[in-house]
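Okay, structure first, notes after.
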Amino acid sequence: MIRYGWLGLIFIATLILPLVIGEYWIHVAVEILIMGLFAVSFNMIFGYMGQLSFGHAAYFGAGAYATGLLMVKTSVPLPICLAISMITAGVLALVIGYFCVRLTGIYFAILTMAFGQMLYYIIFQWYSFTGGDDGLQGIVPPDWIIQVTAYYYFTLFIVTGALIVMWVISESPFGYTMRAIRDNADRTRFIGINVRKYMLINFVVAGMFAGLAGGLLGPFNRSIAPDLCNWHQSGVPVFMTVIGGPLGFLGPVIGSVIYTFLFAFVTGFTEYWPLTIGLVIIFVVLYMPGGVLGLVKTKFKTIGAEESMDAEA
Amino acid sequence: MDASLIFAQSLSGLSRGMMLFLIASGLSLIFGVMNILNFAHATFWLIGAYCCYTFWFLMQDYNFALWISIPLAALTLAALGWVIEVVLIRRVYNRDLPEQLLLTYAMVLVLGDLIKIVWGVDDKLIARPPLVADPVFIFGMPFDSYFLFVISVGLAVAIGLWWFLKKTRYGHIIRAAVFSREMVSALGIPIPRIYTGVFALGIFIAGLAGAVQAPVGSITLGMDMAVVIQAFCVVVIGGFGSLLGTFVAAIIVGEVYAFSILFWPQGALVLIFVVTAFILIIRPWGLFGTPTRA
């Protein structure tokens with residue numbers, strides 16, 4: 001129960017946060033939430049299914065473009081746009097995932113990346129519909145959340161809801177089936193589970209939530225660009241997950257806090273952000289396998305000790 | 001469309017293919033032997049181009065500057081590859097795939113910024129020596145004479161690598177290490193040193209490719225980002241670890257690009273990923289690879 005107490009405290013802290021920090025840091029906080037949702041959705045494939053998707057930005061970008069295009073070209077209300085973002089990204093993930101779940105390991109990573117790059121170049125070239133490399137400008141959120149603090153609460157509400165849904169999924173029999181597939185796909189198949197079907201469902205769910213995160217980004221930044229789908233964008237949730245730790249549900253969120261905060265902090269006084277984050281990643285890979293959450297768990301066994309660390313081996 | 005245009009276009013596709021082969025062969029070699037997918041491969045390629053520029057810049061008064069700068073740049077990169085292998089790559093031999101990928105991805109970011117620090121943000125341009133300054137006419141069609149040099153370097157590297165791997169003692173050791181590391185090391189051959197050598201060789205070829213690329217156009221920051229993905233595609237289409245496969249796939253990708261730019265310019269860049277995805281779906285081990293690796 002201590003864990004839930006901690007979560008409650010964190011939630012209350014996020015509620016009063018905008019009252020104590022300046023507007024710039026509220027912007028950072030919104031970004032942490034959006035990228036955290038993106039990273040957690042990525043981790044449904046990486047941490048729970050054991051496959052590295054290197055094209056996860058495709059669903060993020062598809063969601064961003066669905067909401068962005070709807071808001072620029074029509075007057076559909078934002079919540080419906082976000083729902084359409086999820087559906088668009090989910091359908092895209094269904095088509096791409098149908099092929100990707102046949103492969104594992106390096107082949108899975110490269111095939112997801114190839115599909116991601118396909119989408120990137122389509123968006124990049126299709127000027128008449130997507131605005132090409134100019135992107136889309138003037139995605140203004142509706143009046144009731146046009147203030148950044150209001151947008152923060154709106155994002156907090158949606159991201160919290162999405163995280164709860166994903167947590168319920170990951171703790172359900174379905175979630176444990178995913179862990180079984182991750183640890184030994186052959187044995188899981190032997191007990192009569194259609195591994196590909198389960199992987200595909202998981203892939204689609206992960207894609208939908210990535211699409212939701214993407215949808216939230218457009219109205220926040222007031223604009224979107226095709227780079228949202230490019231392969232370096234796919235690297236961001238990977239970084240966050242590895243920094244935070246892939247084996248806990250909230251690991252990617254911790255990674256998002258560290259990554260996004262570091263970004264806001266470092267870019268304040270140097271343009272060499274890639275150098276900084278690159279060195280951080282090298283340090284984490286070499287000396288901190290399991291990420292921050294892994295470190296915390298080995299140091300303080302009491303917190304969340306019931307979650308196994310066995311997949312680390 | 002007449003035959004000479006088709007010929008010129010296929011020649012330009014061939015030179016593009018040879019360029020891709022030069023980048024992808026080192027990538028394929030490193031993956032085939034060490035099982036490490038080097039995200040930073042094209043970043044080394046770009047460093048090779050910048051090094052070539054620097055050597056050329058120092059000697060630009062002489063006509064032969066470029067011809068000396070290219071091998072010098074390649075050797076510099078081999079040394080850099082050696083150091084990086086010993087300092088970083090060696091530590092992750094026994095790690096999982098994602099951690100190895102992340103390490104090389106982090107190298108892309110770090111090296112990319114180091115390039116910016118060392119060479120600045122301005123584009124670099126190498127003035128070509130007189131030998132390759134003017135186009136040659138083949139069947140009445142103008143063709144960049146430098147591309148003939150690119151094609152011959154590509155062919156030379158292909159033949160050289162093939163000879164090295166199939167005919168020399170070190171080549172045999174490397175191929176044996178692919179099948180059984182334990183056996184090779186039981187015979188008293190130090191595996192880490194073999195790996196370091198292979199990595200340095202791969203980066204040497206990447207540096208050579210970059211140096212050869214340098215005089216084609218201007219050298220720009222971030223050029224590596226698109227190239228590395230195309231090199232991945234070439235390796236995937238050809239089959240991981242297959243030199244012949246990489247060679248054939250590079251030519252296919254180069255020609256597909258050269259002709260799609262003629263008929264459907266918007267789709268030229270998408271097409272390579274369509275081909276890659278198609279190959280991965282029907283034949284994940286590639287055209288010339290072996291299914292055991294899949």
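Taken together, the values in this text are just the output of simple stated rules run on the coordinates, not laboratory data. The structure displayed is predicted, hence computed values, not measured ones. Note: ideal-geometry Cβ built from the backbone for every residue, glycine included; neighbour counts use all protein chains shown.
Could you work out the per residue convex hull volume over the alpha carbons of the range A:1-67, in cubic angstrom?
Numbers: hull volume 8.2 nm³, N = 67.
That works out to 122 Å³ per residue.
Please give the contour-minus-distance gain from residue B:97 to residue B:54: 0.36 nm per residue of separation, less the Cα-Cα distance, rounded to one decimal in nm. Don't skip to the end; give the middle numbers.
On the way: separation 43, 0.36 × 43 = 15.48 nm, distance 3.57 nm.
Gain on stretching residue B:97 to residue B:54: 11.9 nm.
Note down the magnitude of the dipole of the range B:36-154 about its Cα centre, charges +1 on Lys and Arg C-beta and -1 on Asp and Glu C-beta and zero elsewhere, to the nearest 20 debye. Each step should come with its number before you reach the end.
Working: 6 positive and 9 negative charges, 55 e Å.
The calculation lands at about 260 debye.
Once the Cα gyration tensor of the range B:177-294 is diagonalised, what are the square roots of 5 times its eigenvalues, in whole Å and ordered largest first, as equivalent ellipsoid semi-axes? Don't skip to the answer; put the middle values down first.
Values: eigenvalues 192, 88, 19 Å².
Its equivalent ellipsoid spans semi-axes of 31, 21, 10 Å.
Count, for each residue of B:229-235, the Cβ atoms from other chains sitting within 10 Å of its Cβ, then give me the mean as a whole number. Walk me through the intermediate numbers first.
Numbers: counts 9, 1, 0, 8, 4, 0, 1.
Per residue, the average neighbour count from other chains is 3.
Helix by helix, which DSSP H runs in chain B go 20 Å or more along their axis at the Cα atoms and have an average Kyte-Doolittle hydropathy of 0.0 or more?
Values: long enough: B:3-34 (44 Å, 1.54); B:41-58 (26 Å, 1.09); B:65-87 (33 Å, 1.97); B:97-119 (33 Å, 1.42); B:145-167 (33 Å, 1.54); B:191-213 (33 Å, 1.46); B:223-238 (23 Å, 2.21); B:243-263 (30 Å, 2.10); B:268-282 (22 Å, 3.37).
Correct list, ordered by number: B:3-34, B:41-58, B:65-87, B:97-119, B:145-167, B:191-213, B:223-238, B:243-263, B:268-282.
From the phi of every residue in the range B:217-222, what ³J(HN,Hα) in whole Hz does the Karplus formula 6.51 cos²θ - 1.76 cosθ + 1.60 yield, where θ is phi - 60° and glycine or proline is x?
Running phi through 6.51 cos²θ - 1.76 cosθ + 1.60 with θ = phi - 60° gives x, 7, 9, 10, 4, x Hz.
How many angstrom lie between the C-alpha centres of the range B:129-208 and the range B:251-289?
Centre-to-centre distance over Cα atoms comes out at 23 Å.
For the range A:22-231, take N as its residue count and report Rg(C-alpha) divided by 2.2 N^0.38 Å.
Working: Rg = 17.3 Å, N = 210, 2.2 N^0.38 = 16.8 Å.
Expressed relative to 2.2 N^0.38 Å, the Cα Rg reads 1.03.
Straight-line reach from residue A:73: which aspartates and glutamates have Cα under 17 Å away, leaving out those fewer than 8 places along the same chain?
Partners within reach: A:134.
Take every residue in peptide A:118-126, count the Cβ atoms of other chains within 10 Å of its Cβ, and give the average of those counts.
Values: counts 8, 2, 4, 9, 5, 0, 3, 6, 1.
Neighbouring Cβ atoms belonging to other protein chains average 4 per residue here.
Along each principal axis of its Cα atoms, how long is the protein assembly as shown end to end? Whole angstroms, biggest number first, please.
73, 60, 48
I need the trypsin sites (Lys or Arg not before Pro) found in the range A:178-227, filtered to DSSP loop residues with at most 13 other beta carbons within 10 Å of theirs. Before the final figure, lay out each step's value.
Details: sites: A:179, A:182, A:187, A:189, A:196, A:197, A:222; in loops: A:222.
Answer in residue order: A:222.
Using only the Cα atoms of the range A:60-127, build the gyration tensor, take square roots of its eigenvalues as a ≥ b ≥ c, and label the shape rounded, prolate or oblate: rounded if a/c is under 1.5, else prolate if a/b is larger than b/c, else oblate. Display every interim value, and only then the final one.
Numbers: a/c = 3.79, a/b = 1.89, b/c = 2.01.
It comes out oblate by the Cα gyration axes.
If we sort B:271-282, B:175-186 on the protection proxy, mean other Cβ atoms within 10 Å, highest first, what's the order? Could the numbers behind the result be given before it?
On the way: B:271-282: 19.4, B:175-186: 13.7.
The most tightly packed comes first, giving B:271-282, B:175-186.
Sort largest first and round to whole Å: the equivalent ellipsoid semi-axes of chain B, each the square root of five times a Cα gyration tensor eigenvalue.
Values: eigenvalues 184, 114, 66 Å².
Each semi-axis is the square root of five times an eigenvalue, giving 30, 24, 18 Å.
Need one word for the range A:1-131: rounded, prolate or oblate. Basis is the Cα gyration tensor (sqrt eigenvalues a ≥ b ≥ c); a/c below 1.5 gives rounded, then a/b vs b/c decides.
Cα axes put the range A:1-131 in the oblate bin.
When a/c reaches 1.5 or more, the comparison of a/b and b/c decides; with that in mind, is the range B:118-254 rounded, prolate or oblate per its Cα gyration tensor?
Numbers: a/c = 2.29, a/b = 1.81, b/c = 1.26.
Here the range B:118-254 falls in the prolate category.
Averaged across A:280-287, how many Cβ atoms of other chains sit within 10 Å of each residue's Cβ atom? If you can, show how the numbers build up before the last one.
Details: counts 2, 8, 11, 1, 4, 13, 7, 1.
Taking the mean over all residues of the peptide, I get 6.
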